[in-house]
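Just below is one structure, and these are the notes that go with it.
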Amino acid sequence: MLAELLLKWPLIRQLKTGGDGTGQEAMSDRTRALKPRNEGASMARSICPYCAVGCGQLVYHRDGKVINIEGDPESPISRGHLCPKGAASFELVTHEARATKVKYRAPFAKEWREIPLEEAMDMVADRVWQTRERTFDPTVMHTTGLAHLGGATLDDEENYLIKKLFTAGLGMVCISNQARI
Ligand code: SF4
């Protein structure tokens, strides 16, 4: 028993193996049993959703769950780097406080209630159309009662469609997104 304990002592292991104290001889059983968290996981390439830089990400997943997100070394834009926001994007999809249901608080109500996504989308569409009807000026063919602020990861095609729908379709003049680069 004592001999067994002594053999676990890193100094004895170092003397036995002749190591310099930085290799296996310095490891506890627990450390030796540790495995890389990505081991055996599948990986998908993606783009950070936060800003217009569009850094490359490697999204590791196992059993249908995201287990880790890292910078993509093959991205010509970011070469494996992520800023603190991008490095924390794992929590964007996994944090327990992440909202996954649509919540609606009616005018003057004190409580939020959950509603189906389809109902929420219909409500948004109804309000957009009512505002457009109320504020559209046919003399100049536009409305200043509506504006659109898009996100940084909208691509060219999406921005084209947004401009076409909101300006040509609804008469909106105030359209912007966060893609400043
Ligand atoms: S990692 Fe940072 S810099 Fe890169 S796209 Fe995400 S938020 Fe932008």
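Coordinate-derived values only; no laboratory data. Since we're looking at a predicted model, the values are computed, not measured. In this analysis, Cβ positions are derived from the backbone assuming ideal geometry, glycine residues included, and neighbour counts consider all displayed protein chains.
A few comments on the model shown:
- What the phi angles of the range 24-34 give under the Karplus curve with 6.51, -1.76 and 1.60, with θ = phi - 60°, is a coupling list of 3, 5, 8, 8, 7, 4, 5, 5, 5, 7, 5 Hz, glycine and proline written as x.
- The equivalent ellipsoid that matches the C-alpha gyration tensor of the chain spans semi-axes of 56, 22, 12 angstrom, in descending order.
- Residues of type lysines that Lys8 reaches as a straight line, Cα spacing below 23 Å, ignoring anything fewer than 8 places off in the same chain: Lys16, Lys35
- On the principal axes of its alpha-carbon atoms, the range 64-103 has extents of 39, 21, 14 Å, going from largest to smallest.
- More than 16 Å apart - percent of Cα-Cα pairs taken over the range 137-181: 36
- Scattering curve values for the range 42-94, log₁₀ I(q)/I(0), Debye with Cα scatterers, q = 0.13, 0.16, 0.18 Å⁻¹: -0.26, -0.39, -0.49
- In the chain, helical runs assigned H by DSSP with n ≥ 4 each contribute -39500 (n - 2.57); averaged across all residues and rounded to the nearest 500, the mean residue ellipticity at 222 nm is -8500 deg cm²/dmol.
- Likely footprinting exposure, Ile175, Ile77, fewest C-beta neighbours within 10 Å first: Ile77, Ile175
- In plain terms, the residue of Phe166, Phe108, Phe136 with the fewest other Cβ atoms within 10 Å comes first and the most crowded comes last, giving Phe108, Phe136, Phe166.
- Taking the Cα centre of the chain as reference, the dipole from Cβ charges on Lys and Arg (+1) and Asp and Glu (-1) amounts to some 480 debye.
- All lysines inside 27 Å of Lys103 as judged from Cα atoms, apart from same-chain residues fewer than 8 positions distant: Lys65, Lys85
- Here the mean projected area of the convex hull built on the C-alpha positions of the range 14-76 is 7.0 nm².
- Relative contact order (%) - criterion: Cα under 8 Å, at least six apart; region: the chain: 14
- Taking the Cα centre of the range 42-94 as reference, the dipole from Cβ charges on Lys and Arg (+1) and Asp and Glu (-1) amounts to some 40 debye.
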